Amino acid sequence: MKSGTLTPHITDAEWEVMRVVWANHHVTSKEVISILEEKMSWKATTIKTLLGRLVEKGALSTEQEGKKFIYTARVAEEDTVRNYTGDIFSRICKKEVGHVIGEIIKDKVLSFNDIRYLEEILEKKKVSAVEAVSCQCLPRQCQCSVNHHGK
Ligand SMILES: [Zn+2]
């Protein structure tokens, strides 16, 4: 799968199933059921419905092997996560992105390695940084235009 490919919209419940498939590569519905039944207190039929929906959406492919169906991911975890975060940031003013990223970081437990990684990214970002991020919202859809700060 090419990186940056648009992935289908995956609901919260479907995401739980996708994580099992991503982690295990090839799984049977039985395996997915045994992993999620307890954690989510879902019925086997619910999990089978979710698997079926993910196949319909093109997120999973399925192959019959004897009596079993083997499920494989058709979308990469990294692409799916990237689309998901892109989706979040498309909902806010471009001027707020830095602030929101900061709030996300404040909230999370990070390792020294994570922090080094983030520092490296920020160091590189300085090269292309701008004086002020321009707001690309519709007029009156964000505070910038309502307050007429003219930024
Ligand atoms: Zn804006």
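Observations on the model:
- For segment 94-144: rounded, prolate or oblate by the Cα gyration tensor [a/c cutoff 1.5]: oblate
- The per residue volume of the convex hull around the alpha-carbon atoms of the chain is 171 Å³.
- Surrounding net charge for THR80, when Lys and Arg each add one and Asp and Glu each subtract one, Cβ distance under 12 Å: -1
- Residue-averaged 222 nm ellipticity for the chain, from DSSP H runs of 4+ at -39500 (n - 2.57), nearest 500: -17500 deg cm²/dmol
- Assuming charge only on the beta carbon of Lys and Arg (+1) and of Asp and Glu (-1), the dipole of segment 12-73 about its Cα centre is about 140 debye to the nearest 20.
- The Cβ shell under 10 Å around LYS57 holds other residues with a net charge of 0, Lys and Arg each +1, Asp and Glu each -1.
- Label-zone membership for segment 85-118, site LYS124, 7 angstrom Cα→C-beta point, backbone N under 13 Å: 117-118
- Per residue, the convex hull spanned by the Cα atoms of segment 67-151 measures out at 177 cubic angstrom.
Each value in this text was obtained by applying a stated rule to the coordinates, not by laboratory testing. Worth saying up front: this structure is predicted, and the values here are computed from it rather than measured. Virtual Cβ from ideal backbone geometry, glycine too; neighbours counted across all protein chains shown.
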